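As structure tokens, the structure follows; a few thoughts come after it.
Rule-based calculations on the coordinates, nothing more; no lab input. Please read all numbers here as calculations on a predicted model, not as lab measurements. FYI the Cβ positions are ideal-geometry reconstructions off the backbone, even for glycines, and counts take in every protein chain you see.
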Amino acid sequence: MDKKGFTLIEMIIVVFILTTAILGIGSSATYMIQAASSTRLKAGALQAVEGRISQIVMDPRYEDLESLYATTENDLPGLEDFHRVTQITHLQTQGVGGHVTDYKTVMVSVSGPGLPEGMSRTIIVGSP
């Protein structure tokens, strides 16, 4: 008997294989989109942290850093519903021979939806 075409079982197997392949590709695409979105959020948060740090380091008004920068911001460009918190702590330590070391610790953190661990950086700014 000379057959031309496919049997029903062969068609079911082909449909099953194609469905599995398409679902696998769709799942991979979804993962890639989520990873790209997460990377974009992390890059934006890092830029917001580094921008604030640079601003503080470049400001020559050491005595006024707390009043100028210690705040919580809710309107970060390109990062809706994100918050940037800047904390500045003034410290002085007594050294050998009565020498006083005067410095400030600056911690900047950014958090928001899609970035559960947040992004933060702490630096030390010495008195001029």
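Picking from 65, 41, which residue would you name as being touching a His at 6+ places or on another chain (Cβ under 9 Å), aliphatic (A, V, I, L, M) and surrounded by 11 or more Cβ atoms within 10 Å (Cβ to Cβ)?
65
What about residue 72, is it in contact with a His (Cβ under 8 Å, 6 or more places away or on another chain), touching a residue at least 12 places away in the same chain (Cβ under 8 Å) and of a type in the set (Val, Ile, Thr)?
Criteria met by residue 72.
Can you tell me which residue in region 1-54 is nearest to the chain's Cα centre (by Cα), limited to those that are assigned to a helix (DSSP H, G or I) and among the basic types (Lys, Arg)? Please lay out each step first, then the result.
As a first pass, look at region 1-54 and keep what is assigned to a helix (DSSP H, G or I): 8-54.
From the residues that got through so far, the ones that are among the basic types (Lys, Arg) too are 40, 42, 52.
Working: 40: 8, 42: 2, 52: 14 Å.
Selected residue: 42.
For residue 73, state whether it is in contact with a strand residue (DSSP E or B) (Cβ under 7 Å, 6 or more places away or on another chain), surrounded by 10 or more Cβ atoms within 10 Å (Cβ to Cβ) and acidic (Asp, Glu).
Yes; evaluated as a whole, the condition is true for this residue.
The rows are residues; the columns are (1) among the β-branched types (Val, Ile, Thr); (2) touching a residue at least 24 places away in the same chain (Cβ under 8 Å); (3) surrounded by 10 or more Cβ atoms within 10 Å (Cβ to Cβ).
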position: 8; (1), (2), (3): no, no, no
position: 19; (1), (2), (3): yes, no, yes
position: 23; (1), (2), (3): no, no, yes
position: 55; (1), (2), (3): no, no, yes
position: 82; (1), (2), (3): no, yes, yes
position: 90; (1), (2), (3): no, yes, yes
position: 94; (1), (2), (3): no, no, no
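A quick yes/no check of all residues on (1) within 12 Å of residue 127 (Cα to Cα); (2) in a loop (DSSP other than H, G, I, E, B):
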position: 56; (1), (2): no, no
position: 72; (1), (2): no, no
position: 76; (1), (2): no, yes
position: 87; (1), (2): no, no
position: 90; (1), (2): yes, no
position: 104; (1), (2): yes, no
